[in-house]
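Written out below as structure tokens is the structure these notes cover.
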Amino acid sequence: MKKNIWQKRIPTSAALFVLLIGVFFTSYLIQKGIIFIGHASPEKTPQKVSITNISDKSFVVSFTSTDTSAAAISVDGPNLTPTTFFDDRNKTNSQASFYSHLITVTGLSPNTTYEFSILSDGETYLDTNGKKYVATTGPTINGPSTNPNIISGNVIMPDGSTASDAITKLTVNGTQTLAVLTDNNGVYKIDVSQIRSNDLKTFVSLNSSSQITLDFIKQDLSSTTKVLLSDASTIPTTTLSYQYDFTQNTSPTNSTSSSLLKTPDVGTSNGEVNITSPDDNQSLVDDKPEIQGTALPSKSVKLLLDSNQFGATVSDTRGFWTFRPSSGISVGQHTLTVQSPDSVGIMKSATISFSVFSSGTQIAQTATPSATIIPTLNPTATPTLVPTITLASPTPPLILTPTVIPTVTITPDTPTPTLVIKPTAVPTIGLNSTPAPTGSSSSAFIGAISVILITGGAALLFLL
């Protein structure tokens, strides 16, 4: 009687051979990463990539991420083997994670183009075209040595807490962009004495009327502050998600926004003394608030805190005065009295009360962006710096798929040549510089074969 297919027996050696071949193919594919492909989460993806602080021997790369990550960049170029540069706060083997990243690349050559890729929590990221980012150093400039010209201020979060780990970028019309990070107290300091032109060929001499634009970024929050260099020594506190313009000296026109502050007329003809900032009974989270007011032009102004003198200044030719304490005011309720002489030498005074809350504390009333940002102004006085404030709704977090490449914003806008890319990276301290494999049609075909072989081998053993 003829046997059907279910009655036939297959040699055991043949079944074992098929099964072993299937296991071999499967092991090979797993080692190559074809079957199991891992990607970093979208929250780790670099965003708002920027190239700044370009000199003849260095440049700075900054970017943010929705979630914290440990980041670095892998740089290569002429006479430079692929080298990994870490976040400026991670110069040791301890790789801390941050929302904002600022990486300084040093030891470069003048007028040279370099390529780099970004490493974020073990994944490699390229630009939107799937290529490495490009940065070109400037020429060596033999300019006169100048003393540091530091522009500084501080940044807070919308809830009044300290905005540490925030990127601060400074630009002036016709110049390159400089970037720094705020420290643990939310303070930024930028030296503009060696700022270059956009083409990087000359140093730029700034004057008192130069308009400075400061951009602040942390996660999905951002702010912009505009101020003249003449007023940059006393930049008021910036609250993330607000926009400030301290360059306007007149009332804004054609605006119905209730968040815009209007400039009142100065009423100091009789020698009255006024305190325009902070408001009476205002609650502050800044322990070094900007105190502003009016008096007779070019008169001395004495400030007393709780009946003790703690500062003095002089009103300008328009009758405006401003003062910021060098040391922090203690937490609690305080009484501020300001004294200045009138036209016949009689001392006039004004008194207000205010409270100082510790940083991060939920204050009793709606938090103001700063002690210098005044919701309601006295119609007979005006502060020295009159901001135009526009409340910007926080941008919702950017949702990205694991394969999306971040958009890069390269400043300055000087065109840079595109180079042939050699995708090479040097992994260091646990940062994997190898891009995640994406697979191919051939790998999928091999994977299918391995599955068939394993299934077939198992079926043959079952038939034995």
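Checking each residue of segment 199-218 against the condition of being without any contact (Cβ under 8 Å) to a residue 12 or more places away in the chain, surrounded by fewer than 16 Cβ atoms within 10 Å (Cβ to Cβ) and within 24 Å of Ser55 (Cβ to Cβ) gives at least one match. The set of residues from segment 293-305 being touching a strand residue (DSSP E or B) at 6+ places or on another chain (Cβ under 8 Å) and over 18 Å from Ser355 (Cβ atoms) comprises Gly293, Thr294, Ala295, Leu296, Ser298, Lys299, Ser300, Val301, Lys302.
Restricting segment 169-194 to residues that are over 22 Å from Lys48 (Cα atoms) and either among the acidic types (Asp, Glu) or touching a Leu at 6+ places or on another chain (Cβ under 7 Å) (or both), the residue that is most open to solvent (accessible area, probe 1.4 Å) is Asp191.
For segment 316-343, which positions are touching a residue at least 60 places away in the same chain (Cβ under 8 Å) and aliphatic (A, V, I, L, M)? Once the filter is applied, which keeps residues that are touching a residue at least 60 places away in the same chain (Cβ under 8 Å) and aliphatic (A, V, I, L, M), segment 316-343 yields Leu336, Val338.
In summary, strands (runs of 3 or more DSSP E) completely within segment 292-341 and bearing 3 or more residues that are open to solvent by less than 20 Å² (accessible area, probe 1.4 Å) and at negative phi occur at 332-341. The set of residues in segment 111-168 being among the small types (Gly, Ala, Ser), open to solvent by 40 Å² or more (accessible area, probe 1.4 Å) and touching a residue at least 12 places away in the same chain (Cβ under 8 Å) consists of Gly130, Ser152.
Among the candidates Asp165, Asp127, Asp191, the residue that is out of contact with any Cys (no Cβ under 8 Å at 6 or more places or on another chain) and closer than 23 Å to Pro82 by Cα is uniquely Asp127. Test Ser120 against the criterion of being over 25 Å from Pro139 (Cβ atoms) and touching a helix residue (DSSP H, G or I) at 6+ places or on another chain (Cβ under 6 Å), and give yes or no. Against the criterion (over 25 Å from Pro139 (Cβ atoms) and touching a helix residue (DSSP H, G or I) at 6+ places or on another chain (Cβ under 6 Å)), Ser120 qualifies.
The values are calculated or read from the model by the stated rules, or taken from the named source; none is laboratory data. All figures in this text were calculated on a predicted structure; none of them were measured in a lab. Note that we place each Cβ from the backbone using ideal geometry, even for glycine, and neighbour counts take in every protein chain shown. Calculation scope for accessible area: heavy atoms of the full protein, side chains included, ligands and nucleic acids excluded. Shrake-Rupley method; radii C 1.70, N 1.55, O 1.52, S 1.80 Å.
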